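Trainee: Below you will find the structure I want to go over with you.
Bear in mind that the values in this text are calculations on the coordinates, not laboratory data. Predicted model, so just to flag it, every value in this text is computed and none were measured. Cβ coordinates were reconstructed from backbone atoms using ideal geometry, including for glycine residues, and neighbour counts include every protein chain displayed.
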Amino acid sequence: MCGIIGLHLRDPELHPMLGSLLDDMLCGVSERGPDSVGVAVYGDEQRNPPGQSAVSVLHAPGDLDVAVGALLPNRPSVTATRTGDTTVLAAPVAAEALTAAVAAAAPDALVVGRGDDLVVYKGVGHPSDLAVTYGLREVTGWQGLAHTRMATESAIIPEGCHPYSVGPNQCLVHNGSFSNHATVRRDLQRAGVSFDSENDSEVGARFVAACLAEGDDLEKALLRLGETFDGFYTLLVTSEEGFAVVRDEIACKPAVIAEHPRWVAMASEFRALADLPGIGEARVWEPDPGKVYTWQR
């Protein structure tokens, strides 16, 4: 069982409140996943400064910033911030260059997020404790998501946390199961895609990332996913373009969407939305089976 929350802020006046709003929403889905939490935030200029990119890393050695800086052209300044299990490196270089330098400097480390507008945190523990560890209430920005997990098919480790962020500024969180993920994995591997785990959710994230790399927008990528994958799922996918939600054709996994002139939000349960500003004036509904809902920045 998992809990999903996502928030896309349309009103810039709300950007300083992103973290506090996400923290309040997280309380509403904590019981659905007390084992671990992953969080992704877009637009926090303290954690991912303008003109720089950031890479989120698990199992980072203590001197990774020094080693990475030595591998980058012109040896730029690299900052490292350790937050629980996650270390975030930031530098004034492209995200792909920073990611490649991390892989070369620390082959045993795992990159779990990268981009010029994105920071990802993953960790094991109760949502309320990890929200404090991540400093969630202090987060600012224009978009964020979180996923709480009760492990049923794999170990309780930071690597098993969602979101799966396998493309620049991209994230996917998943509640459900893909029954044909092994077949899709083999197809992607034949196309040159590599994997970090055996998790079915990573297969979905790699598939969506491949579609986006081919030029699809979020809606088309998720429509292609629905044509390719079997199983049951609720998915929330975010990118620098915005926010998308889809459920499978049976729609057995819960989801609620609320849309307000100042924001759009989704969650596994309504109580996660109940304290959003102006919720009484928002349109609230359960997404239809098989329909992709998208909102652009």
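Trainee: Of (1) 17.9, 54; (2) 20.4, 73; (3) 21.6, 74, which is the value of Rg and Dmax of the Cα atoms in Å derived from the coordinates here?
Mentor: (1)
Trainee: What is the spin-label model distance, in nm, from E45 to F232 if the labels are put 7 Å beyond Cα along the C-beta direction?
Mentor: 4.6 nm
Trainee: Mind giving me the FRET efficiency for A70 and D187? R0 is 35 Å, r the Cβ-Cβ distance, nearest 0.05 is fine.
Mentor: After rounding, the FRET efficiency stands at 0.35.
Trainee: Provide the net charge surrounding H260, with neighbours chosen by a C-beta distance below 10 Å and charges set as Lys +1, Arg +1, Asp -1, Glu -1.
Mentor: The answer is 0.
Trainee: Calculate the spin-label point distance for A155 paired with A94, positioning each point 7 Å from the Cα along the beta-carbon direction, and give it in nanometres.
Mentor: With each label point 7 Å from Cα toward Cβ, the separation is 3.5 nm.
Trainee: Give the separation of the Cα centroids, region 119-174 to region 178-239, in Å.
Mentor: Cα centroid to Cα centroid, the span is 19 Å.
Trainee: Sorted by mean Cβ packing within 10 Å, highest first, what order do the peptides 120-132, 101-113 take?
Mentor: 120-132, 101-113
Trainee: Compute the distance in nm between two label points, each set 7 Å from the Cα along the Cα-to-Cβ direction, one at E249 and one at C27.
Mentor: 4.1 nm
Trainee: May I pose another question? Mind listing which GluC sites (Glu not before Pro) in region 1-65 are in a DSSP loop and have 14 or fewer other Cβ atoms within 10 Å?
Mentor: Here the GluC sites (Glu not before Pro) that fit, given the DSSP loop and packing criteria, are E45.
Trainee: Right, something else. Please give the peptides 136-143, 49-56, 194-201 ranked by average Cβ packing (other Cβ atoms within 10 Å per residue), highest first, as a rough proxy for protection.
Mentor: With the highest mean Cβ count within 10 Å placed first, the list reads 136-143, 49-56, 194-201.
Trainee: Between beta-carbons, use under 13 Å as the cut-off and find the net charge around V120, counting Lys and Arg +1, Asp and Glu -1.
Mentor: -1
Trainee: Still on this model: Excluding residues fewer than 8 places away in the same chain, name every one of the lysines whose C-alpha is closer than 27 Å to that of K122.
Mentor: By straight Cα distance, K122 reaches K253.
Trainee: Now, a different point. Give the separation of the Cα centroids, region 283-297 to region 54-108, in Å.
Mentor: Distance between centres, Cα-based: 37 Å.
Trainee: Give me the net charge of M17's neighbourhood, meaning all other residues with Cβ under 12 Å from the Cβ of M17; Lys, Arg count +1, Asp, Glu -1.
Mentor: -4
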